[in-house]
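What follows is calculated from the coordinates using simple rules that are stated; it is not laboratory data. Keep in mind that this is a model prediction, so the values were computed, not measured. Using ideal geometry, Cβ is built from the backbone for each residue, glycine included, and neighbour counts are taken over all protein chains shown.
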């Protein structure tokens, strides 16, 4: 095994559309994505870490908590992230196990429940802006504001939603475990949902934070701390585009770090969509990463062979 690769799979790899959100549907989506990952591994003996998003799943847990209240307690946000790491990690492990066995590959996958350290003084905690959970009316929002201390905002006339902080990731605490498993040839599933956000006190004790970490930024940090050769961001489109959705839209096959930063400055990428993915790539390359790819699950194998996706190089 030569190259170390971190691949971050997006929400479309776990929930294909709004009509297929049940657990069984999510598993089938994972099976499809893991088939593409196995094809990639069959072509090259990679040291591979798979990360994943969890936005819809966290929303489902929070909604269940709301519906069950006041009979049952609300689930804290850090526990929601941990829950989804376990459940989605299980789906990916199971799907990879079956795919490896079907192909006679002899590989094993394992999930690491991963904590990611954030700075308790990160300005994001003073300006929560990441919407999570379900919509509610103003009266319900006021109850949560007073009883639970939630920050809430009105969302484009559709109702009120809870917003939480999205601080920058600083350190992947289970990094030594990930390295040990990679050395043993295990395909590692880690940093699910950007990792469980934790803060550290003066004595070095950690505790969960009511925050969510961007999955792509956490994946980039993990790739940096592993000294990975390649960061792959799997998303809903085969290639990154400029002027997306406009008549002048054009796809990018290969760009440099400088060009990526230029396109960010020119406003080509939208927050909450392609912007955090390209920013994650920029961070990785600026810290010594050799190359990055942005593509969709179906083109993973072709992209690693240089035949698809958008390649970003230093």
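Extents of region 231-280, taken as max minus min of Cα coordinates on every principal axis and listed largest first, are 30, 23, 22 Å.
Against the main long axis of the alpha-carbon atoms of the chain, helix 23-43 sits at an angle near 30°. In region 223-314, one over the average inverse separation of all distinct C-alpha pairs is 13.1 Å, which is the Kirkwood hydrodynamic radius. The share of C-alpha pairs in region 47-164 whose separation exceeds 22 Å stands at 48 percent.
Each Cα pair under 8 Å and six or more residues apart adds its separation to the average, and for the chain the resulting relative contact order is 22 percent. Helix 275-286 and the long axis of the chain differ in direction by around 50°, with both axes built from C-alpha atoms.
The chain gives an Rg/Rh value of 0.96, both radii derived from C-alpha positions and Rh following Kirkwood. Nearest 10 degrees, 0 to 90: what angle lies between the long axis of helix 55-68 and the longest principal axis of the chain (Cα atoms)? Value to nearest ten degrees: 30.
For region 135-283, relative contact order (Cα pairs under 8 Å, six or more residues apart, normalised by length) works out to 17 percent.
In plain terms, the residue of 19, 83 with the fewest other Cβ atoms within 10 Å comes first and the most crowded comes last, giving 19, 83.
Between region 83-122 and region 237-314, what is the separation of their alpha carbon centroids in Å? When both Cα centres are located, 25 Å separates them.
Sorted fewest first by neighbouring Cβ atoms within 10 angstrom, 202, 238, 266, 32 come out as 202, 266, 32, 238. From least to most packed, judged by other beta carbons within 10 angstrom and beginning with the fewest, 94, 191, 80, 241 follow the order 94, 241, 80, 191.
Take every pair of alpha-carbon atoms less than 8 Å apart whose residues are at least six positions apart; their mean separation over the length of region 1-115 yields a relative contact order of 30 percent.
Compared with the alpha-carbon gap, the fully stretched path from residue 42 to residue 287 is longer by 85.3 nm at 0.36 nm per residue.
The equivalent ellipsoid that matches the C-alpha gyration tensor of region 1-93 spans semi-axes of 30, 15, 9 angstrom, in descending order. Considering only beta bridges that DSSP places wholly inside the chain, some 40 percent are antiparallel.
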